[in-house]
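Below: one structure, written as structure tokens.
The values are calculated or read from the model by the stated rules, or taken from the named source; none is laboratory data. Since the structure is predicted, the reported quantities are computational estimates derived from the model, not experimental observations. Don't worry about glycine lacking a Cβ; one is built from the backbone with ideal geometry, like all the others, and counts go over all protein chains shown. Keep in mind that these areas ignore ligands, DNA and RNA; they rest on the heavy atoms of the full protein, side chains included. Shrake-Rupley method; radii C 1.70, N 1.55, O 1.52, S 1.80 Å.
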Amino acid sequence: MHAVCCLVVFASAARSTNAFHMDMHTGTHAMRRLQSSHHIGVTMPRPAGTRHRRHRTSTAPWPVTITMAAPLGMDGPIEAEGTLPLPLQKLDELVVSRGVRLANHAAAISSLACFGLVSMSMAMPSTGMPAGMATLASVITKNLGTTSNAQFSLYFATSITPASYVFLIWPVIAAVQAITLAISILRLSVKPSQAPLEALSTIATGEALSQSELASLSVANLAATLWLFVSSNALPGALPLASFLTLPLVPLFSGYPLRSKPTPSALYKPVLQIFSSFTTIASCLALAVELQYGGRVPFLAGRAELCGCIFLSLVGGLVSLPNRSLARKAVTSLALSGVVARRIASGLSAALLLSPSFLGASALLGWSAVKLVVKE
């Protein structure tokens with residue numbers, strides 16, 4: 001009885017094995033027919049430890065990998081880059097690529113033009129326009145207030161307000177931005193030892209500003225323009241809180257590429273460093289103006305020396321930072337020299353020599369000048 005049971009089990013296993021071989025044999029032929037008609041590559045890896053048997057058809061029960069090529073006429077060789085017609089390649093190289101590059105810079109150029117227009121409108125008195133005549137400039141500056149930059153400094157003077165020459169850095173920042181954008185659009189490979197004419201021969205060989213860097217400049221310019229609109233509507237006794245809240249957005253965005261990885265190339269770092277460094281100091285000054293004139297912190301309202309010392313403590317923290325770039329050191333020294341020069345221009349006196357804000361600004365100016373000259 002035991003022998004009969006063993007024979008039954010053996011026969012059942014044999015039938016299962018034969019059926020498995022037949023299924024594998026049929027499937028293999030089907031795959032071969034599919035491969036010949038649709039360009040299919042079939043790979044049947046053999047598990048480690050098994051011996052290769054020379055059979056016409058493999059019946060091994062391991063996984064089968066099938067690779068199918070795209071049929072002709074779909075996203076296959078007809079769309080390959082190397083098969084583009086020569087005229088289309090030249091069109092992409094000479095026209096399309098440059099148009100796309102210019103479009104990438106459009107936001108940064110537009111925001112810089114808007115900022116320059118508004119800042120010039122605040123610096124120069126309005127001449128008025130004929131009735132019924134409207135231009136793009138008039139539409140942009142329509143809501144601009146009557147307070148100029150010089151008037152703002154007079155209305156909200158502090159013990160640490162810099163001399164007027166310090167604010168001439170605004171057109172410098174705009175000019176450096178314009179030059180940087182032009183270099184990026186033309187993709188010039190500029191080196192310090194190159195002459196200007198030699199740099200022009202390197203068109204389309206250099207590196208362009210990344211999208212992150214262009215977007216940071218665009219948003220920073222728009223934030224600076226918004227701050228100009230807010231400050232132009234400030235009047236004595238009515239300092240808008242937005243004047244302090246808006247300005248810090250400028251260094252926050254303009255300095256973002258310098259804080260992220262990868263950092264900008266050495267050719268594009270200066271514009272970001274100058275822009276973010278000066279607006280950081282301007283933001284500290286805006287805080288001092290808000291504390292002294294805003295009236296929202298009663299304890300500090302009207303206390304010029306105390307508010308000036310708060311400003312100097314913040315700037316001192318900037319000066320103490322290690323490994324600052326030459327551009328940042330120069331901008332900080334320029335701002336502090338303006339603070340000291342304005343105080344001296346008002347007249348030397350015993351009160352001036354005993355002023356904590358004047359002494360602190362003078363000490364910070366000396367420290368900043370030493371760090372500017374001495375290599376860290």
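Specify whether the C-alpha gyration tensor of segment 244-376 places it in the rounded, prolate or oblate class, a ≥ b ≥ c being the square roots of the eigenvalues: rounded for a/c under 1.5, otherwise prolate if a/b is larger than b/c and oblate if not. Oblate is the answer for segment 244-376, as a/c is 1.5 or above yet b/c matches or exceeds a/b. Which of rounded, prolate or oblate describes segment 237-287 when judged by the alpha-carbon gyration tensor and an a/c cut-off of 1.5? Prolate, because a/c is 1.5 or more and a/b exceeds b/c. Extending 7 Å from the Cα toward the beta-carbon at both residue 205 and residue 179 defines two label points whose distance is 2.1 nm. From a point 7 Å beyond the Cα of residue 363 in the direction of its Cβ, which residues of segment 316-336 have a backbone N at a distance under 16 Å? From segment 316-336, the list is 316-320.
A straight Cα-to-Cα reach below 17 Å connects residue 375 with the lysines 329, residues fewer than 8 places away in its own chain not being considered. Does segment 206-306 classify as rounded, prolate or oblate by the C-alpha gyration tensor (a ≥ b ≥ c root eigenvalues; a/c under 1.5 gives rounded; else a/b over b/c gives prolate, otherwise oblate)? Judged from the Cα gyration tensor, segment 206-306 comes out prolate (a/c at least 1.5, a/b above b/c). With a cap of 15 neighbouring Cβ atoms within 10 Å, and only residues DSSP puts in a loop, list the trypsin sites (Lys or Arg not before Pro) found in segment 255-358. Here the sparse-neighbourhood loop sites are 296, 303. Relative to the current alpha-carbon distance between residue 325 and residue 140, full extension at 0.36 nm per residue lengthens the span by 63.0 nm. If a spin label sat at a point 7 angstrom from the Cα of residue 346 along the line to its beta carbon, the backbone N atoms of segment 282-302 nearer than 18 Å would be those of 285-294, 301-302. Give me the percent of the accessible area of segment 220-358 that comes from carbon and sulfur atoms, probe 1.4 Å, all protein chains in place. Using a 1.4 Å probe with all protein chains present, segment 220-358 comes out at 71 percent carbon and sulfur. A Förster radius of 45 Å combined with the Cβ-Cβ distance from residue 306 to residue 266 puts the calculated FRET efficiency at roughly 0.60.
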